[in-house]
1. Kindly indicate which of Thr88, Thr113 is in contact with a helix residue (DSSP H, G or I) (Cβ under 9 Å, 6 or more places away or on another chain) and within 23 Å of Ala196 (Cβ to Cβ).
2. If I ask for residues that are part of a helix (DSSP H, G or I), buried (at least 23 other Cβ atoms within 10 Å of the Cβ) and not hydroxyl-bearing (Ser, Thr, Tyr), which ones from segment 110-140 would you list?
3. Take the conditions at pLDDT 95 or above and part of a helix (DSSP H, G or I) and apply them to Leu90. Does it pass?
4. For segment 186-202, name all the residues that are assigned to a helix (DSSP H, G or I) and buried (at least 24 other Cβ atoms within 10 Å of the Cβ).
5. Does Val34 qualify as being part of a loop (DSSP other than H, G, I, E, B) and β-branched (Val, Ile, Thr)?
6. Just to be sure, is Ile27 touching a Leu at 6+ places or on another chain (Cβ under 8 Å) and outside the structural domain of Ile162 (by TED's automatic domain parsing)?
7. In the set Thr61, Thr74, which member is of a type in the set (S, T, N, Q) and in the same structural domain as Ser147 (by TED's automatic domain parsing)?
8. Please indicate, with yes or no, whether at least one residue in segment 55-73 is surrounded by 13 or more Cβ atoms within 10 Å (Cβ to Cβ), of a type in the set (A, V, I, L, M), under 22 Å from Asp155 (Cβ atoms) and more than 17 Å from the chain's Cα centre (by Cα).
Amino acid sequence: AYIARTLGLDAIVCLSKNVPQDRIDSIRAEGARVAIVEGDQTAAIGRGRQLAEERGQLFVTPFDDPDVISGQGTISLELHEQIPDLDTVLVPVSGGGLAAGVALAIKSLAPQTRVIAVSAERTPTMARSLAAGRPVATQEIPTIAGSLMGDLGPDNRYSFRIVQQFVDDVVLIPEDEIRDAMRWTLRNERLVAEGAAAVVVAYLLGQPAKGRGQTTAAIITGDNVASGSLESAVRCL
């Protein structure tokens, strides 16, 4: 929505009915039209493809696109420039666009660097897909890490295969630990991290011994947190 507004382009963003109202309002504030789809993220992606075909517009998938993956991989270029001897990178994972880009780029520059993808226990799509050896569908369950909900899509062409090849491990985090990580990040780093971003902090807090003596980068992806989720997380701050 932001890029479309910057370039003066018309944009329609198709969203699942499970997307929080705060996020819908933010997208509309950028000037994009929003189409709410009954169903999950896969249904929203399908509707986006349909609208693009009907209107003769470009469809941009949120994760399974070479340009999206390449763009997100530039994070690893910056990490490697700043920390050439990085031991581990922690990255949130859902559809796999971010994890694929980060893993592919860092492994190209520093093959010894481990990449651990982190998600919520309620969003196990990538973990289950890797275990099955192919993309599998999972039911969307409400979670404080709402941005991690959704499937890989029935015709996933890029993100799954790249994650399968270059990510070393996938870890799932329970809801209470994600909330604890949101509180910890706000209290200690003065950062508002949405649940989908706080999963990497939760992993670090739960594995203090594993990271001792190592250099680890945790990619905190955003602060786009619904007001209710933030209040729930910081209630005991």
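The values are calculated or read from the model by the stated rules, or taken from the named source; none is laboratory data. Owing to the predicted nature of the structure, the values given are computational and were not obtained by experimental measurement. With ideal geometry, Cβ positions are generated from the backbone for all residues, glycine too; neighbour counts draw on all protein chains shown.
1. Numbers: Thr88 fails: in contact with a helix residue (DSSP H, G or I) (Cβ under 9 Å, 6 or more places away or on another chain).
Selected residue: Thr113, the only one of Thr88, Thr113 that is in contact with a helix residue (DSSP H, G or I) (Cβ under 9 Å, 6 or more places away or on another chain) and within 23 Å of Ala196 (Cβ to Cβ).
2. Met126
3. On the way: at pLDDT 95 or above: yes; part of a helix (DSSP H, G or I): no.
When the stated conditions are applied, Leu90 does not pass them.
4. Gly195, Ala196, Ala197, Ala198, Val199, Val200, Val201, Ala202
5. no
6. Yes: the conditions hold for Ile27.
7. Thr74
8. no
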